[in-house]
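Encoded as structure tokens, here's the structure I'll be asking about.
The values are calculated or read from the model by the stated rules, or taken from the named source; none is laboratory data. Just so we're clear, the structure is a prediction, and the values are computed from it rather than from any experiment. Note: ideal-geometry Cβ built from the backbone for every residue, glycine included; neighbour counts use all protein chains shown. The accessibility values were calculated without ligands, DNA or RNA, using every heavy atom of the protein model including side chains. Shrake-Rupley method; radii C 1.70, N 1.55, O 1.52, S 1.80 Å.
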There are 2 protein chains.
Amino acid sequence: MSRVTIADVATAAGVSKTAVSFAFNNPERLGQATLERVLGVAQDLGYTPHPAARALSMRRSGTIGVLIPQRLSTVFANPFVSELIQGLGEQCEEHDLTLLLVPPLDGSLEGAIRQASVDGFISLGLSPDDRALEVLDRIGIPTVLVDSESSPSHPSINVDDEGGAEAAARHLLELGHRQLAIIVLPPARAQVNNTPTAARRLSGYQKAIRAAGAPEPYPVVAGISVAAGARAFESLPRGKRRPTGVLAMSDMAAIGVMSAGQAAGLRVPEDLSVVGFDDVPASAWTNPSLTTVRQPIIDKGRLAARLLIQLMKGKTVESPAPLHTSLVVRNSTSSPADSDLPIRRR
Amino acid sequence: MSRVTIADVATAAGVSKTAVSFAFNNPERLGQATLERVLGVAQDLGYTPHPAARALSMRRSGTIGVLIPQRLSTVFANPFVSELIQGLGEQCEEHDLTLLLVPPLDGSLEGAIRQASVDGFISLGLSPDDRALEVLDRIGIPTVLVDSESSPSHPSINVDDEGGAEAAARHLLELGHRQLAIIVLPPARAQVNNTPTAARRLSGYQKAIRAAGAPEPYPVVAGISVAAGARAFESLPRGKRRPTGVLAMSDMAAIGVMSAGQAAGLRVPEDLSVVGFDDVPASAWTNPSLTTVRQPIIDKGRLAARLLIQLMKGKTVESPAPLHTSLVVRNSTSSPADSDLPIRRR
DNA sequence: CCCAATCCTTAAACCGTTTTAGTAAAACGG
DNA sequence: CCGTTTTACTAAAACGGTTTAAGGATTGGG
């Protein structure tokens, strides 16, 4: 009743286990006749090599792990991950690899890492002092960092967050906005400090705002979801200090702000301009369509996988230069209605 | 330089391998003093059990596989999967399981199945005669079918596709539409026949259309992506036989039809009404927002994982009744402009 | 002082593969 | 006819853990 093993096949075919193994992995080392017999018997018995046994023996599992810093249910609510997986997946399929999603188990990412039988890891948004990275180092498993900080020990892949954010802020300022709010990404794991990504975007926003001599922006922390964005809108200042423009660090939050704003009777963009970040596909279909900072998410995934695969082959790889970001101007931004600048509605 | 094994720890701590194993898995079987010493040494050496070895020995890997019938890059372009994973993930995290994505490798899902070291599988949208299912049976691994057909050998989870589709079609017909087009889902794998899901939805549409005595609808096959939906719009009949309403089997395709239609100068819904299927979150934000058939995707994932976990515990489980679907009426549907019914724009 | 019970600890078997280091027989060259 | 290759196959040793069955102290009771 239990699983058919290589020994069963060997006995049935009247050969050694080695021969059976060769039949599958080294067919040229067997005689024509035996090869066919063994394969035939294996087929009849429905033999399938035990993956774990194979992984143990070959020291490779054919799987790469994606280290996810938060719960799957929150992370996969953001299309960002879907897109990243599209990029990763393309490379995986090309190299016969499968993809293991590794979220924190029991709150512990470290524990999850240990449990995972993978040949390499892609980590998402870990800050460089995260204890999970120590574990990875200790195990000595190839790792590529995505949306982290460049690290001496692992190649890391980033986009020009600061430049993109700066362009976004400058866009609003040039439209005549002065009073801005910033929707800040929450820390990736229950830690005090921001993710490196959030820090870089924040710095880009601030750089542009200072250069323009505009007042300090109002910061709100909000999760990467439409609902969180909507809540963020509620906590924006009212009255005189009401921001006319919102810089969101994610498209999902931006969409939340837009719809909450519209539900509260504001016109977007006339009364409230909103800029997102990421340019997930959905931002092109929203009402109004979302002005946002585009980052090449699929490319990012593809590149990350490609580097990891190099690493797994034993090659050494350098961190590539940050990928390019660009502002995509759509219909969620315009000059503020009360601005003295001409209203340039697109 | 190589990995720290249990034997290294044992030697360093002056105990047997067994003692080290007990220290982690059966601490109560060790004396206070040795326990602490062993754990200390393990910590210092940075010992981490080899997952594959563990999996081989314990006959469980702590992973469940998601069988994906198509390339990751196409499947993850559809938010449907993201949502399903949110449901699956919730249960996985609760039971300390990780999630392995298993797409076809080298075009072969069967091969990928063999390679995957998992304790159970969740299969998506396989038709019941798919050869992959044979492999699963042969290996004798617990399996739950999602969006398939109910099978004697595996529990399967479905929603009331037919009822939902019927409601969608009836909605358009009641608004006064006569000439309808149907965007049919493509077959999941390179096979001739439709997926069971597509078949059930089609049957629902047709049932309503026949009941209303409307003319045969015009069918177009299109992939589950916005681009595919847009292409589908292009291939719709023009002139007299132009459909005034489109029934799409996925929200993504529906969104594609809408935007292609708008780009071609049609007003949605006045000139063209569109109904989607799934009710992915994005369909609430589109312009206009999308009327669609809601299915509880997250619940579906949660339920599938729950059943699989039962199955893995050795319990026997029955296929639950199809989950409920309901029509969500938003702004992409109205009476056709040239209808003799009053235009009831919502 | 002996026997049994209790507590720790361990040697050895096992999980199911791959791989190394052969061996026996056949083929070959001179 | 005799080494030397080549061919076809195999026994045994990894791989790195867990688990079973048993062994050796230590303790307590009689």
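Within the stretch A:105-120, can you find the residues that are in contact with a helix residue (DSSP H, G or I) (Cβ under 6 Å, 6 or more places away or on another chain) and either more than 7 Å from chain B (Cβ to nearest Cβ) or among the aromatic types (Phe, Trp, Tyr) (or both)?
A:109, A:110, A:113, A:119, A:120
OK, next. What are the residues in the stretch B:284-310 that are among the β-branched types (Val, Ile, Thr) and either out of contact with any strand residue (DSSP E or B) (no Cβ under 9 Å at 6 or more places or on another chain) or over 24 Å from residue A:287 (Cβ atoms) (or both), if any?
B:298, B:309
Okay, next question. Among the residues in the stretch A:33-48, are any touching a residue at least 24 places away in the same chain (Cβ under 8 Å) and within 30 Å of residue B:84 (Cα to Cα)?
Yes, because at least one residue in the stretch A:33-48 is touching a residue at least 24 places away in the same chain (Cβ under 8 Å) and within 30 Å of residue B:84 (Cα to Cα).
Residues being among the basic types (Lys, Arg) and in contact (Cβ under 8 Å) with a residue 12 or more places away in the chain: count how many of those fall in the stretch A:49-84.
Selection size over the stretch A:49-84: 2.
So which helices (runs of 4 or more DSSP H) are wholly in the stretch A:1-114 and hold at least 3 residues that are away from DNA strand C (no atom under 14 Å from the Cβ) and open to solvent by 60 Å² or more (accessible area, probe 1.4 Å)?
In the stretch A:1-114, the matching helices (runs of 4 or more DSSP H) lie at A:32-45.
Look through A:145, A:126 and report the one residue that is more than 17 Å from residue A:59 (Cα to Cα), open to solvent by less than 10 Å² (accessible area, probe 1.4 Å) and modelled with pLDDT under 90.
It is A:126.
I'd like to know if the stretch B:281-297 contains one or more residues that are away from chain A (no Cβ under 14 Å), within 22 Å of residue B:120 (Cα to Cα) and in contact with a Phe, Trp or Tyr (Cβ under 9 Å, 6 or more places away or on another chain).
No, the stretch B:281-297 contains no residue that is away from chain A (no Cβ under 14 Å), within 22 Å of residue B:120 (Cα to Cα) and in contact with a Phe, Trp or Tyr (Cβ under 9 Å, 6 or more places away or on another chain).
Please go through the stretch A:115-136 and give me each residue that is farther than 18 Å from residue B:24 by Cα and assigned to a helix (DSSP H, G or I), ordered by number.
Answer for the stretch A:115-136, where residues must be farther than 18 Å from residue B:24 by Cα and assigned to a helix (DSSP H, G or I): A:131, A:132, A:133, A:134, A:136.
While we're looking at this one, here's another question. Can we say residue A:173 is within 15 Å of residue A:204 (Cβ to Cβ) and open to solvent by 10 Å² or more (accessible area, probe 1.4 Å)?
yes
Something else about it: In this structure, is residue A:143 over 18 Å from residue A:310 (Cα atoms) and either more than 7 Å from chain B (Cβ to nearest Cβ) or in contact (Cβ under 8 Å) with a residue 60 or more places away in the chain (or both)?
Answer is no for this residue.
Does residue B:55 fit the bill of being more than 11 Å from chain A (Cβ to nearest Cβ) and within 16 Å of DNA strand D (Cβ to nearest atom)?
no
Quickly run through the stretch B:11-52 and pick out the residues that are over 16 Å from residue A:114 (Cβ atoms) and within 9 Å of DNA strand D (Cβ to nearest atom).
B:16, B:17, B:18, B:19, B:22, B:26, B:29
Could we say that residue A:137 is at the interface with chain B (Cβ under 10 Å from one of its Cβ atoms) and of a type outside the set (A, V, I, L, M, F, W, C) here?
Judged against the criteria, residue A:137 is a match.
For the stretch A:137-154, give me each residue that is among the hydrophobic types (A, V, I, L, M, F, W, C) and part of a helix (DSSP H, G or I).
Correct list: A:139 only.
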